[in-house]
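Before any comments, here is the structure.
Bear in mind these aren't lab numbers, they're just calculated from the coordinates by the rules spelled out. Bear in mind that the values here come from a model prediction, so they are computed numbers and not experimental data. Please note: Cβ atoms are built from the backbone with ideal geometry, for glycine as well, and neighbour counts cover all protein chains shown.
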Amino acid sequence: MIRVSPGNELTVRLTVNEAGHTLRVDPREPLSDVLRHRLGLTGTHVGCEQGVCGCCTILFDGEPARACLVLAVQADGHEIRTVESLTQPDGGLHPLQEAFGRHHALQCGFCTPGQLMNALALLPRAASMSDDDLRGAISGQLCRCTGYTPIVDAIRTAAGDLT
Ligand code: FES
Ligand code: FES
């Protein structure tokens, strides 16, 4: 339940990477700002702030969402997963991250957190997707320096590693 606080701030309760948080937020505050500036989860990158580039993609109740287009108040009572959650219990990389490295699927890395979170949601069905379908599924994640073939290869490799 959202509670109104003095100063027109709202109190929201959300779960981020399995940790519960109660925060007072401005009604217009994007979730991307809350993740980065309040919770210190700067792995969620912000590029366009208009829902175009996909750099800020997180999982919202398991589905990819653009954190710059989600208001923090809309996340009340929901489960958020950011790129930081990919770190394995021993501090190692997630198989998807290893596959990105193996296939050189990143250069500057700015788009990579969003690519990884979108790809994470695709993994359960990636092995059975055609190349065209897989390319279509990542077409909203813009990358201006790597190109998309290595990213598709990395997703396919990780999907194979995990099956
Ligand atoms: S910063 Fe959110 S889509 Fe570009
Ligand atoms: S790796 Fe540079 S924008 Fe994608």
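Tabulated data
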{"item": "Cβ pairs under 8 Å, 6+ apart, first in region 111-124 and surrounded by fewer than 24 Cβ atoms within 10 Å (Cβ to Cβ), second among the aromatic types (F, W, Y)", "result": "T112/F100"}
{"item": "Residue satisfying condition, being surrounded by 15 or more Cβ atoms within 10 Å (Cβ to Cβ) and within 18 Å of the chain's Cα centre (by Cα), within set E63, E18, E49, E9", "result": "E49"}
{"item": "Total residues in region 120-133, condition in a helix (DSSP H, G or I), more than 16 Å from ligand 1 (Cβ to nearest atom) and in contact with a Leu (Cβ under 8 Å, 6 or more places away or on another chain)", "result": "4"}
